[in-house]
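The structure appears below as structure tokens.
The values are calculated or read from the model by the stated rules, or taken from the named source; none is laboratory data. Not measured: the values here are computed from a predicted model. Ideal geometry is used to build each Cβ from the backbone, glycine not excepted, and the neighbour counts take in all protein chains shown.
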Amino acid sequence: MLRAVSGSYVGKQIADQFRIVERIGAGGMGAVYRAEQPEMNRSVAIKILHPKYLSRQDLVSRFRREARAMSHLSHPNTARVFLYGQLEDGACYFVMEHLVGRNLAQEVRASGPMSIERAIPIMVQVCGALEEAHRAGIIHRDLKPENIFLTTQGGIEDFPKVLDFGLAKVTEKQMRPGSMMLTREGMVFGTPEFMSPEQAQGNPLDARSDLYSLGVILYELLTGKLPFDAKHSMEFIKHQVSTPPIPISERVPGLTFPRPIEAVMEKALAKDPNRRFASAAEMGEALEAALREATAMKNGEVSETGRHTPAGEPERPTSVLPAGLPRAAWIVLAVGAALFVGGIVALIVALKMS
């Protein structure tokens with residue numbers, strides 16, 4: 001029987017194909033290990049639920065649910081799950097891809113706020129991962145910077161991976177017969193700093209709750225701060241429910257953002273889900289459009305009104321015609337006036353010659 005040594009599985013074999021090399025992380029429910037898979041010549045990460053929780057059927061169900069949820073997702077920006085099961089000592093585990101890099105929280109702490117040119121492409125990719133999950137009936141429910149990991153894949157840097165669907169809400173079409181429904185109405189799960197107003201109140205959730213959380217993450221990426229000032233979890237919950245977020249261009253002295261970026265942020269952080277983006281795909285498209293417009297404004301190609309203007313030149317009016325008549329009518333009047341003036345000139349010339 002496989003037993004953990006001093007609370008660790010280092011050096012142990014799992015599923016006759018993985019050898020655990022080192023522990024790379026730990027949390028309240030268990031630990032994450034790096035393991036080698038010799039036959040595939042690759043490293044993997046193995047997440048193992050602490051054996052002391054085996055008597056907690058709710059936690060075991062939540063852990064298994066995370067593995068099932070992630071194993072159904074194939075988007076390149078979602079961390080892949082290869083295998084899940086139960087060890088001989090009863091501990092639940094799942095095997096996922098091993099990622100090298102750091103999460104968004106670590107990145108902001110190390111490098112400070114990101115530029116919109118860097119942050120928005122990252123968030124657009126995350127929107128793609130969430131769109132697949134939402135279409136599959138999976139709501140993450142615990143999106144935060146720690147659960148978005150930046151790595152390099154295929155030579156592409158700043159490649160985000162969405163992690164930790166441990167609190168994911170799975171709709172009925174994803175539930176197996178006999179599964180426990182852990183997210184009863186009136187119960188609050190998640191991280192207060194990033195949860196949506198409806199989540200903070202324990203109300204039923206849909207995909208738009210994740211989009212609110214994603215808006216808070218983007219806000220922090222761009223400013224290094226959260227949309228509210230609070231010290232305790234309950235304060236954050238109260239703010240999420242009833243306090244308008246501090247406008248992003250007012251959050252940090254001297255740091256402002258183009259109006260297109262502000263507009264996307266305001267919509268993502270709307271208290272009413274009906275005023276947010278309807279889907280992750282829609283939010284991703286809006287972010288891309290806002291970045292294009294902001295870049296054009298920065299380069300002087302587009303004015304604040306959205307009209308194209310050569311760099312360094314003031315915006316010119318698009319028309320000098322008075323309002324009130326169709327353009328065609330003004331053309332007719334202009335031609336008539338020209339003929340009238342021409343006639344007068346011809347008459348003056350004729351009088352001089354006579």
Residue within segment 32-53 that is of a type in the set (Ser, Thr, Tyr), in a strand (DSSP E or B), surrounded by fewer than 16 Cβ atoms within 10 Å (Cβ to Cβ) and at pLDDT 75 or above present: yes
Index of the failed condition, residue 88 passing every other in (1) touching a strand residue (DSSP E or B) at 6+ places or on another chain (Cβ under 7 Å); (2) of a type in the set (D, E, K, R); (3) in a loop (DSSP other than H, G, I, E, B): (1)
Number of positions in segment 199-216 that are outside any loop (DSSP other than H, G, I, E, B) and either modelled with pLDDT under 95 or in contact with a helix residue (DSSP H, G or I) (Cβ under 6 Å, 6 or more places away or on another chain) (or both): 8
Unmet criterion (only one of (1) in contact (Cβ under 8 Å) with a residue 60 or more places away in the chain; (2) part of a loop (DSSP other than H, G, I, E, B); (3) touching a Pro at 6+ places or on another chain (Cβ under 9 Å)) for residue 76: (3)
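Taking the stated definitions as given, is residue 194 farther than 21 Å from residue 114 by Cβ, modelled with pLDDT of 50 or more and in a loop (DSSP other than H, G, I, E, B)?
In short, no.
Report yes if some residue within segment 101-121 is under 23 Å from residue 25 (Cα atoms) and part of a loop (DSSP other than H, G, I, E, B); otherwise report no.
Applying the first criterion (under 23 Å from residue 25 (Cα atoms)) to segment 101-121 yields 101-111.
The next check asks that each one be part of a loop (DSSP other than H, G, I, E, B); those that pass are 101.
The answer is yes, given that some residue of segment 101-121 is under 23 Å from residue 25 (Cα atoms) and part of a loop (DSSP other than H, G, I, E, B).
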Within segment 8-46, considering residues that are of a type in the set (Lys, Arg) and more than 33 Å from the chain's Cα centre (by Cα), the one nearest to residue 79 (Cα to Cα): 19
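Would you check if residue 141 is farther than 24 Å from residue 217 by Cα, of a type in the set (Lys, Arg), buried (at least 17 other Cβ atoms within 10 Å of the Cβ) and touching a residue at least 40 places away in the same chain (Cβ under 8 Å)?
Judged against the criteria, residue 141 is not a match.
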Lone unmet requirement of (1) at pLDDT below 95; (2) part of a helix (DSSP H, G or I); (3) among the polar types (S, T, N, Q) for residue 125: (1)
Index of the failed condition, residue 100 passing every other in (1) surrounded by fewer than 17 Cβ atoms within 10 Å (Cβ to Cβ); (2) hydrophobic (A, V, I, L, M, F, W, C); (3) farther than 22 Å from residue 163 by Cα: (3)
Filter result for residue 267 (more than 15 Å from the chain's Cα centre (by Cα) and at negative phi): no
Residue in segment 164-176 that is over 13 Å from the mean Cα position of the chain (by Cα), at pLDDT 95 or above and not acidic (Asp, Glu) present: no
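Results for (1) of a type in the set (A, V, I, L, M, F, W, C); (2) in the same structural domain as residue 147 (by TED's automatic domain parsing); (3) more than 17 Å from the chain's Cα centre (by Cα); (4) surrounded by 15 or more Cβ atoms within 10 Å (Cβ to Cβ), shown as yes or no for each residue.
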{"residue": "190", "(1), (2), (3), (4)": "no, yes, no, yes"}
{"residue": "207", "(1), (2), (3), (4)": "yes, yes, no, yes"}
{"residue": "222", "(1), (2), (3), (4)": "yes, yes, no, yes"}
{"residue": "240", "(1), (2), (3), (4)": "no, yes, yes, yes"}
{"residue": "257", "(1), (2), (3), (4)": "yes, yes, yes, yes"}
{"residue": "279", "(1), (2), (3), (4)": "no, yes, no, yes"}
{"residue": "285", "(1), (2), (3), (4)": "no, yes, no, no"}
{"residue": "290", "(1), (2), (3), (4)": "yes, yes, no, yes"}
Count of segment 141-155 residues which are of a type in the set (Asp, Glu) and more than 24 Å from residue 203 (Cβ to Cβ): 1
Pairs where the first residue, in segment 112-123, is surrounded by 15 or more Cβ atoms within 10 Å (Cβ to Cβ) and the second is among the charged types (D, E, K, R), C-beta under 6 Å, 6+ apart: 122/158
Residue match in segment 255-267 (condition: part of a loop (DSSP other than H, G, I, E, B), under 16 Å from residue 142 (Cβ atoms) and polar (S, T, N, Q)): no
